[in-house]
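Here the structure comes first, spelled out in structure tokens, and everything after it is commentary.
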Amino acid sequence: MTNIVKDYDKIGKRKKKEDDNHLNKHAMHLIRLFMMAIDILVKEEINTYRKDEQELLLSIRNGSFQKSDGAFSEEFYELLAEYEKKLEYAAKNTNLPEEPDMGKVQDFVMSVNERVVRDEI
């Protein structure tokens with residue numbers, strides 16, 4: 001996130017409001033992706049609907065963690081560090097295998113291709 005902020009700051013005569021909106025959207029997606037990765041590692045499921053975290057994510061997107069100078073607040077970076085720690089712990093303690101079962105992956109890909117060819121999907 002710090003690198004993205006620096007890149008936006010380098011742009012000359014930028015559209016501040018538009019760029020801030022993009023930065024806030026990046027920040028929201030960053031936290032959402034951490035949430036999803038943790039769910040995959042811990043719950044072994046993909047959850048794209050973030051009802052329980054919706055208020056937090058929308059507050060990030062709406063600029064609640066961005067200061068008037070365009071930088072992000074220390075609170076945001078603390079939140080980010082918290083999610084990084086959670087992800088690191090989840091990765092070390094997951095029940096998922098180190099490597100995917102490539103045979104199952106190939107079987108799945110072949111079944112999808114077959115259904116496409118038969119115009120079933």
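Which of the residues belonging to region 49-64 are part of a loop (DSSP other than H, G, I, E, B), closer than 17 Å to Tyr83 by Cα and either aliphatic (A, V, I, L, M) or within 13 Å of the chain's Cα centre (by Cα) (or both)?
Of the residues in region 49-64, the ones part of a loop (DSSP other than H, G, I, E, B) are 49-53, 62-64.
Still in the list and also closer than 17 Å to Tyr83 by Cα: 50, 52-53.
Arg50, Glu53, listed by residue number.
Within region 26-52, the residues that satisfy the criterion of being surrounded by 14 or more Cβ atoms within 10 Å (Cβ to Cβ) and among the charged types (D, E, K, R) are Arg32, Asp39, Arg50.
Evaluate region 77-91: report whether one residue or more is on the phi > 0 side of the Ramachandran plot and either at pLDDT 95 or above or out of contact with any Asp or Glu (no Cβ under 6 Å at 6 or more places or on another chain) (or both). Quick ask: steps written out before the conclusion?
Step one: filter region 77-91 for residues on the phi > 0 side of the Ramachandran plot, giving none.
No, there is no match, as no residue in region 77-91 is on the phi > 0 side of the Ramachandran plot and either at pLDDT 95 or above or out of contact with any Asp or Glu (no Cβ under 6 Å at 6 or more places or on another chain) (or both).
Anything in region 42-73 that is basic (Lys, Arg) and out of contact with any helix residue (DSSP H, G or I) (no Cβ under 9 Å at 6 or more places or on another chain)? List them, or say none. I'd like the intermediate steps shown before the answer.
As a first pass, look at region 42-73 and keep what is basic (Lys, Arg): 43, 50-51, 61, 67.
If the condition is that a residue be basic (Lys, Arg) and out of contact with any helix residue (DSSP H, G or I) (no Cβ under 9 Å at 6 or more places or on another chain), then Lys43, Lys51, Lys67 are the ones that fit.
Take the residues in region 82-121 that are among the β-branched types (Val, Ile, Thr) and not in a helix (DSSP H, G or I), then tell me which one is surrounded by the most Cβ atoms within 10 Å (Cβ to Cβ).
Thr94
Evaluating Leu23 against the criteria (1) modelled with pLDDT of 95 or more; (2) aliphatic (A, V, I, L, M); (3) assigned to a helix (DSSP H, G or I) leaves one unmet condition, (1). Pairing residues of region 17-39 that are farther than 16 Å from Asn3 by Cβ with residues that are surrounded by fewer than 15 Cβ atoms within 10 Å (Cβ to Cβ) and of a type in the set (A, V, I, L, M), at Cβ distances under 8 Å and at least 6 apart in sequence or on separate chains, gives Met28/Leu58; Met36/Ile46; Asp39/Ile46.
The values are calculated or read from the model by the stated rules, or taken from the named source; none is laboratory data. Please read these numbers as outputs of a predicted model, since none were measured by experiment. In this analysis, Cβ positions are derived from the backbone assuming ideal geometry, glycine residues included, and neighbour counts consider all displayed protein chains.
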